[in-house]
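Each remark here refers to the structure printed beneath this line.
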Amino acid sequence: QVLVVESGGGLVQPGGSLRLSCVASGIIFSFESVAWYRQAPGNERELVATIFTDGRTVYQAAVKSRFTTSRNNAKNTVYLEMNTLKLEDTAVYYCNAYVNKRYYWGQGTQVTVSS
């Protein structure tokens, strides 16, 4: 059984920073691409960033210059570094990890940007 867990969310002022983590645990044979999504109240879940097995990254235009995703394969962990946070970044952030040839969702972590 594989478990994917996000952490690192919280309350931050506009212009602040947070680092989210997405950790896969269990019996893992392959830890491949991981995508970060977010969902604000009343909105559809949207794709924020993806990191592929080879380290290539793709970002949504709205976050491209502010967010950075990286990975530590030895720890089956992916990070999302979020800088210069804006009010509109407030959402629940989820990771979707491709592990052992299946996709797994985490439970989400709340990010609130407020003054």
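The values are calculated or read from the model by the stated rules, or taken from the named source; none is laboratory data. From a predicted model like this one, the values you see are computed outputs, not experimental measurements. Cβ sites come from the backbone with ideal geometry, for glycine too, and all protein chains shown count toward neighbours. Side chains included, ligands, DNA and RNA excluded: accessible areas come from the protein's heavy atoms. Shrake-Rupley method; radii C 1.70, N 1.55, O 1.52, S 1.80 Å.
Here are a few things to note about the model shown:
- Of all the residues in segment 100-115, those that are closer than 19 Å to Ala24 by Cβ, part of a strand (DSSP E or B) and in contact with a Ser or Thr (Cβ under 7 Å, 6 or more places away or on another chain) number 1.
- Screening Ala35, Ala91 for residues that are of a type outside the set (Asp, Glu), closer than 18 Å to Tyr103 by Cβ, open to solvent by less than 20 Å² (accessible area, probe 1.4 Å) and out of contact with any helix residue (DSSP H, G or I) (no Cβ under 7 Å at 6 or more places or on another chain) leaves exactly one candidate, Ala35.
- Selection within segment 46-82: residues that are touching a strand residue (DSSP E or B) at 6+ places or on another chain (Cβ under 9 Å), part of a loop (DSSP other than H, G, I, E, B) and not basic (Lys, Arg). The member of this set that is surrounded by the most Cβ atoms within 10 Å (Cβ to Cβ) is Val63.
- The lone exception for Gln110 - which of (1) buried (at least 17 other Cβ atoms within 10 Å of the Cβ); (2) touching a residue at least 24 places away in the same chain (Cβ under 8 Å); (3) not hydrophobic (A, V, I, L, M, F, W, C) it fails: (1)
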